[in-house]
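Before any comments, here is the structure.
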Amino acid sequence: MPTDNKEKYTEKQKKKAADIEDSYEQKGVSKSEAEARAWATVNKQSGGGEREGGSGKKKSPGAKAESRKDSAKRAVATKHGASPNQSSASQTKGELMQQARDMNIPGRSSMSKEELVNAVRKASK
């Protein structure tokens, strides 16, 4: 059931809802059903009325760049089978081997897990 309070909607959203409502009425849909469908469509397309704050907050260019850099680091770590905060000791030997391969550590194929942990830690510093 549509609410009568449309104060938080922009004029553009109100106009769009009215146009959609008229279109439904021309097709023979009842006034109340047309209004409900129109506002449901506007809400679906634009997320409802005007909002304060939320995910649309403005970030400075520096903050955006830092967020992208952090996100890229997490993505690379995930791609190579490690969480960014996961310690080398808690990784499997296969994950350590992949990391060692990516870091181009010589002699990795004959190393034990413990040796791989130490080599990866040393190469990371």
**Asked** Of (1) surrounded by fewer than 13 Cβ atoms within 10 Å (Cβ to Cβ); (2) modelled with pLDDT of 70 or more, residue 29 satisfies all except one. Which?
**Response** (1)
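Residue by residue, here is whether (1) out of contact with any His (no Cβ under 6 Å at 6 or more places or on another chain); (2) modelled with pLDDT of 85 or more; (3) part of a helix (DSSP H, G or I) holds:
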residue	(1), (2), (3)
37	yes, yes, yes
68	yes, no, yes
71	yes, no, yes
84	yes, no, no
101	yes, yes, yes
105	yes, yes, no
116	yes, yes, yes
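The values are calculated or read from the model by the stated rules, or taken from the named source; none is laboratory data. Computed from a prediction, not measured in an experiment: that's the story for all the values here. Backbone-built Cβ (ideal geometry, glycine too); neighbour counts: all protein chains shown.
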